[in-house]
1. How much mean residue ellipticity at 222 nm does the chain get from its helices, if each DSSP H run of length 4 or more adds -39500 (n - 2.57) and you divide by all residues, to the nearest 500 deg cm²/dmol?
2. Sketch the reach of a paramagnetic label on Ala300 as a point 7 Å from Cα along Cα-to-Cβ, and name the residues of region 78-110 whose backbone nitrogen lies under 20 Å away.
3. Using the per-residue mean of other Cβ atoms lying within 10 Å as a proxy for protection, in what order, highest first, do the peptides 325-331, 150-156, 281-287, 336-342 fall?
4. Considering only lysines 8 or more places apart in sequence, or on different chains, count the pairs in the chain whose C-alpha atoms sit under 25 Å apart.
5. When you take every Cα atom in the chain, what is the radius of gyration, and what is Dmax, the widest Cα pair distance, in Å?
6. Report the calculated FRET efficiency for Arg196 and Val144 (r = Cβ-Cβ distance, R0 = 30 Å), to the nearest 0.05.
7. Averaging sequence separations of C-alpha pairs under 8 Å and six or more residues apart, then dividing by the length of the chain, give the relative contact order as a whole percent.
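Quick note: the coordinates plus some simple rules give every number you see, no bench work behind them. Note that the coordinates shown come from a computational prediction; the quantities given were computed from them, not determined experimentally. Neighbour counts are summed over all protein chains in view; Cβ atoms, including those assigned to glycine, are modelled from backbone coordinates with ideal geometry.
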Amino acid sequence: MQLTRSLKLTDAVFVGLGSMIGAGVFAVFAPAAAAAGSALLVSLVIAGVIACCNALSSAWLAARHPQSGGTYVYGRERLGRLWGDLAGWAFVLGKTASCAAMALTVGTYVGAPKPVAVAAIVALTVLNLTGVQKSALVTRVIVVVVLLVLASTVFTARDAVQPAEFLPSGILPAAALLFFAFAGYARIATLGEEVREPARTIPRAVVISLAITLVVYAVVAVVALNALGSDLAVSTLADVSPSLAPVIRIAACLAALGSLLSLQLGVSRTALAMARDRRLPGFMADLRWAEVVTAVVAIALVLAFDVTRAIVFSSFCVLLYYAIANASAWTLGKRVVPAVGLAGCLTLAGAVLWQL
């Protein structure tokens, strides 16, 4: 089916914002602050720059290889079957860990992390099996709600307390954790057949949406650090503004459930594609089985890890995935962006190993 090139730059930017601004901001600041203290602002910039490089590399690859599968396809076509398989495994494992992290985020804000997390995964898997999917409208509603709640949190934050200690040794590990909050930017790279002037529009949309996301996260990080100081390492965003705590908890749960639903849909379909290529057991070529197995593995990770460990494992796997994407983009004749992205991904992956 031929897709219509109806999306303008503003549409593509909103897709990027919808993919990035969500549950990650409610889950990742605490472990990042534990690692870097007030230096997490430096970590945030590092994570944003590397995310931008990864997204641009993915956009260039998507234009050359307009097939579903992402870096699983790019690595296979540009570097060889082994690298494509490694990217596929890294994606499935990393994003399944993201499912666990999002489910645990819901549980954390409700007050019963593991029971609620398991219940959330089961409930959304049942929805997936009945054919219910998150629409573009729901995505936009979630983004608007999250932005409004974050803005309200900023304006009603408690008075400043003792600032957190600046921990330069934790900058890179914290950047690897904060990378998790930018997950989703590659969604823009999949719009090649639907945007006007994709070669020009997609890179611009990547940069603009990432810049906006970085500004939003930086403002929230500054306010959270000023409000909680070193206590941010053991707190949630609901503690930043006690007067809005119930609203923040509801928004966090809404965003995390939306992200969890999208992640489960994406992982199950990548698993299905790999099963068809005989890289996963053949029975997973049935989408229903792929969805069930994804849920079972996510539940196992929920029971084995806390939210920080789930984020760490997810970030490590996804950083490897994008390292392969950048290496693949290098073969297109691109140089600076893929080189920075590759070096950044490998450096952050190495930095986060000590937390696994």
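1. On the way: 14 runs with 254 residues, N = 356.
After summing the helix terms and dividing by residue count, I get -24000 deg cm²/dmol.
2. Under 20 Å, as judged by backbone N against the label point of Ala300, lie 86-104 of region 78-110.
3. Details: 325-331: 24.0, 150-156: 16.9, 281-287: 14.6, 336-342: 19.4.
So the peptides 325-331, 150-156, 281-287, 336-342, ranked by packing, come out 325-331, 336-342, 150-156, 281-287.
4. On the way: Lys8/Lys134; Lys95/Lys114; Lys95/Lys134; Lys114/Lys134.
Count of close lysine pairs: 4.
5. Spelled out, the Cα radius of gyration and Dmax of the chain are 19.1, 59 Å.
6. Details: r = 25 Å, r/R0 = 0.82.
Using R0 = 30 Å, I get an efficiency of 0.75.
7. Values: 630 pairs, mean separation 129.1, N = 356.
The normalised contact order for the chain reaches 36 percent.
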